[in-house]
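Undergrad: Okay, handing you the structure first.
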Ligand code: TYD
């Protein structure tokens, strides 16, 4: 079986980590090997870059430099974790990927499209996600959830959580635009409901993808046998 690459995207507090854990469990229940990972991070070198970015060390350099930092982390993550897993036939579930760079550093940071397209071509190459699930919910709700997760005021918001509501509304629109521009790869999932309902909505798309995968696999098999 070929590997499948599924990414989850969305604003703060959209419930990506809960949904990734649930989806991973369900896929493992079907006997599939699943690797769950995240960006920025996912490999030791990329995790080191993550720490630095989320501590705000990239901010003084500006969004372009931050895009480079995220890209450097992605380069290592792809090489060390994602590509080997896909080559083994695993399903890779990744919490954020290149669409986050397009939304945060592109739409919000005003890094030019051409620059991000070129970066993506160099860094991601042909390892594009088979499916991207964009968890969508009103910015106010997402921020409230993220604050609750931190335990009220017990810990400080990270680099991007600390941005204002205007930023997060713009972020939501940016993700929706990405989904519109690549409808074959992206689906927008209404995340403003219970975790069970969101999980079911996600499963509908993943099941379809698995069906296509099995179909493609048996077609490839038939072709091989007929040669
Ligand atoms: P994280 O704590 O993982 O946030 P979340 O739980 O919302 O996914 O922190 C990752 C932060 O980095 C998040 O605010 C989004 C941001 N980010 C970018 O700005 N660009 C990127 O390319 C990626 C992958 C993340």
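Undergrad: In the stretch 135-158, is there at least one residue being in a helix (DSSP H, G or I), at pLDDT 95 or above and closer than 28 Å to residue 47 by Cβ?
TA: no
Undergrad: Could you tell me whether the stretch 163-172 includes any residue that is within 21 Å of residue 19 (Cα to Cα), surrounded by 12 or more Cβ atoms within 10 Å (Cβ to Cβ), within 12 Å of the ligand (Cβ to nearest atom) and under 15 Å from the mean Cα position of the chain (by Cα)? Explain how you work it out, then say what you get.
TA: First, the residues of the stretch 163-172 that are within 21 Å of residue 19 (Cα to Cα): 168, 171-172.
Restricting the remaining residues to those that are surrounded by 12 or more Cβ atoms within 10 Å (Cβ to Cβ) gives 168, 171-172.
After this cut, where a residue has to be within 12 Å of the ligand (Cβ to nearest atom) as well, the list is 168, 171.
So of that shortlist, the ones also under 15 Å from the mean Cα position of the chain (by Cα) come out as 171.
Yes.
Undergrad: Would you pick out the residues in the stretch 2-54 that are part of a loop (DSSP other than H, G, I, E, B) and either on the phi > 0 side of the Ramachandran plot or touching a helix residue (DSSP H, G or I) at 6+ places or on another chain (Cβ under 6 Å) (or both)? Walk me through it before giving the result.
TA: Residues of the stretch 2-54 that are part of a loop (DSSP other than H, G, I, E, B), as a first pass: 2-3, 11-15, 30-33, 39-43.
3, 11, 12, 13, 14, 15, 31, 40, 41, 42, 43, listed by residue number.
Undergrad: Okay, moving on. Might you check whether a residue that is under 25 Å from residue 141 (Cβ atoms), in contact with a strand residue (DSSP E or B) (Cβ under 9 Å, 6 or more places away or on another chain), near the ligand (Cβ under 10 Å from one of its atoms) and in contact (Cβ under 8 Å) with a residue 40 or more places away in the chain occurs anywhere in the stretch 34-51?
TA: yes
Undergrad: Answer yes if at least one residue in the stretch 86-101 is out of contact with any helix residue (DSSP H, G or I) (no Cβ under 9 Å at 6 or more places or on another chain), within 12 Å of the ligand (Cβ to nearest atom) and under 29 Å from residue 206 (Cβ atoms), and no otherwise.
TA: No: the stretch 86-101 contains no residue that is out of contact with any helix residue (DSSP H, G or I) (no Cβ under 9 Å at 6 or more places or on another chain), within 12 Å of the ligand (Cβ to nearest atom) and under 29 Å from residue 206 (Cβ atoms).
Undergrad: Against the definition (away from the ligand (no atom under 13 Å from the Cβ) and under 21 Å from residue 160 (Cα atoms)), how does residue 67 come out, yes or no? Walk me through how you get there before you give the answer.
TA: On the way: away from the ligand (no atom under 13 Å from the Cβ): no; under 21 Å from residue 160 (Cα atoms): yes.
For residue 67, the condition - away from the ligand (no atom under 13 Å from the Cβ) and under 21 Å from residue 160 (Cα atoms) - is not met.
Undergrad: Given the condition at pLDDT 95 or above, buried (at least 22 other Cβ atoms within 10 Å of the Cβ), more than 13 Å from the chain's Cα centre (by Cα) and within 30 Å of residue 112 (Cβ to Cβ), answer yes or no: does some residue in the stretch 26-47 qualify?
TA: Yes; the residues of the stretch 26-47 include at least one that is at pLDDT 95 or above, buried (at least 22 other Cβ atoms within 10 Å of the Cβ), more than 13 Å from the chain's Cα centre (by Cα) and within 30 Å of residue 112 (Cβ to Cβ).
Undergrad: Sticking with this one: Quick one: which of 127, 132 is closer than 25 Å to residue 184 by Cα, assigned to a strand (DSSP E or B) and away from the ligand (no atom under 12 Å from the Cβ)?
TA: Answer to the check: 132.
Undergrad: Taking the stretch 76-119 on its own, how many of its residues are under 27 Å from residue 190 (Cβ atoms) and within 15 Å of the chain's Cα centre (by Cα)?
TA: Total satisfying the criteria: 15.
Undergrad: Do we have residue 20 as in contact with a strand residue (DSSP E or B) (Cβ under 8 Å, 6 or more places away or on another chain) and surrounded by 14 or more Cβ atoms within 10 Å (Cβ to Cβ) here? Reasoning before the result, please.
TA: Numbers: in contact with a strand residue (DSSP E or B) (Cβ under 8 Å, 6 or more places away or on another chain): yes; surrounded by 14 or more Cβ atoms within 10 Å (Cβ to Cβ): yes.
Judged against the criteria, residue 20 is a match.
Undergrad: Also, I was wondering about something else. Residues of the stretch 121-152 being over 25 Å from residue 210 (Cβ atoms) and buried (at least 18 other Cβ atoms within 10 Å of the Cβ), which ones? Give the steps one after another, and end with the answer.
TA: The initial filter retains those residues of the stretch 121-152 that are over 25 Å from residue 210 (Cβ atoms), namely 121-123, 137-152.
Result: 123, 137, 139, 142, 143, 146.
The values are calculated or read from the model by the stated rules, or taken from the named source; none is laboratory data. Since the model is a prediction, treat every value here as computed from it, not as a measurement. Don't worry about glycine lacking a Cβ; one is built from the backbone with ideal geometry, like all the others, and counts go over all protein chains shown.
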